[in-house]
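Worksheet for the structure shown next.
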Amino acid sequence: MKAGLILESPFPYPESNLEPLDILETTAENEYDEITRLASKLFGTPISIISLIDGRRLWFKSKVGIRVTELPLEYSLCKTTMKTKSRVFVVCDASKDENLASHPLVSGPPYLKFYAGAALIDKEKNKLGTICVIDNQAREVNYEDVKCLQILSKKVVELIERRKKEKLLKEELRKVENFAKTMERFALSTAHDLRSPLQNMISISQFLVNNGVKLEPEKQMEFLSHIYLNSKNLLEYINDLLDANTGISGGIKNESKALSILKLEHQLHNLYGAFQKVQIKVKADIEIMHLRVLPFTQIINNLVSNSIKHSCKKNELSVINLSIKSFTDKYELHIEDNGIGFKNTHKLNSTTDYEINSGSKKLGLRIVNFWLSELNANIEFYNHRNGSGVLLVVPRIVP
């Protein structure tokens, strides 16, 4: 072949970003090194390189006959292979090539003359880099030589493609592991949230068994009504869980998107107002909330339950005030009680801080954390004049 011969092949491929492959700056790998050694052996050249393009440099994944690990793109002969509309670029004697004779690596040390490079092209037809053989002696090549270089380039691309598949597989495995952890938290949350209405029904039923004959019919009906409403709430929650579609990401989908403030108030009263000394007041500037109902109601139930169990003073009426303000893209909810407050007066901005400063490790806030992530909501704990409070910021869904 003559000096400067380019084997034409349409090549409208863009240069690719190698960062997602996590291959740059990796250590030497025998499979790549075997290919560069084979290339030098086949062509009889002292230098062979597998280079990958990274911005304005060529980084050498594998090399024979040189010490440097990279070159600026403007000083590399491989840039011609990357820019040309060819899969293979061959220069038999660069000192006689009008385009390359003045190149610093040709006109000066190491006085390179022979260069043959094949582009590395992935399945998406991106140029990843080159495999090349270099000599400071002029050489002639034939089409069989070029064919061998193309075969070697395909072998390099196969290694890179395999790396890409392995990376994708690791990402999928990580998703599966995260999903398993999410399901574990979800199961814990479900068991926790089913317990409160069941405990209420058991308590009321036990009270009726022991004292029912002593009660007036109206009082008996009141307690039976609480059992009925708790059973109904429990059934609605179970139906929501059954209707929810849990994908691989762990996201809970397809649940209700609208919640009546009046219904929320009734649910809280039925859950916590039957036997306990609890007064729950709800104030809102809207009648309907548009949000993901399932995670939202579980957060509210857990926060109110925790406030009653762990924050309120003994032998006193527990007063829980829930205020709701509506904004264009969110809802802000304040849940305030007349309890003992937190040990530290500074604002707390996470459930972890809440556990530490409240002095209790059993506040069920792991459950709250799970539902917060599902709802993409934010939470903040604070003290106020008469007790403790929680600020919950929840995304609003456009109906």
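Pop a pseudo-label 7 angstrom from the Cα along the beta-carbon direction at both Glu380 and Ser102 and give the gap in nm to one decimal.
Once both label points are built, they end up 6.5 nm from each other.
Please list, in chain and number order, the residues 5+ apart from Gly341 or on another chain whose amide H is under 5 Å from its amide H, with Hs placed from the backbone.
Ser388
Using modelled amide H (1.01 Å from N, peptide plane; none on Pro or chain starts), what sits under 5 Å from the amide H of Ser62, excluding residues fewer than 5 places away?
The list, which skips near neighbours in sequence, is Ile50.
Could you work out how far apart the two model spin labels at Leu215 and Arg37 are, taking each label as a point 7 Å from the Cα in the direction of the beta carbon, and quote it in nm?
8.7
Where Lys and Arg each count +1 and Asp and Glu each count -1, what net charge lies around Ile35 among other residues with Cβ under 15 Å from its Cβ? It would help to have the intermediate numbers written out before the result.
On the way: positive: Arg37, Lys41, Lys61, Lys63, Lys154, Lys155, Arg162, Arg163; negative: Glu29, Glu31, Asp33, Glu34, Glu158, Glu161.
It works out to a net charge of +2.
Hey, can you rank 283-292, 91-100 by average C-beta count inside 10 Å, highest first? Mind showing how you got there, number by number?
Details: 283-292: 15.3, 91-100: 18.2.
Peptide ranking by packing, descending: 91-100, 283-292.
Calculate, for Ala138 and Lys175, the FRET efficiency according to 1/(1 + (r/R0)^6) with r their C-beta to C-beta distance and R0 51 Å; round to the nearest 0.05.
Details: r = 55 Å, r/R0 = 1.07.
The calculated FRET efficiency here is 0.40.
Can you list residues from other chains, or at least 5 along the same chain, whose modelled amide H is less than 5 Å from the amide H of Val282?
Leu322
We did not get these values from a lab; they are worked out from the coordinates using the rules stated. As the structure is a prediction and not an experimental result, all values here were calculated from the model. For neighbour counting, all protein chains shown are included, and Cβ atoms are generated from backbone atoms with ideal geometry for every residue, glycine included.
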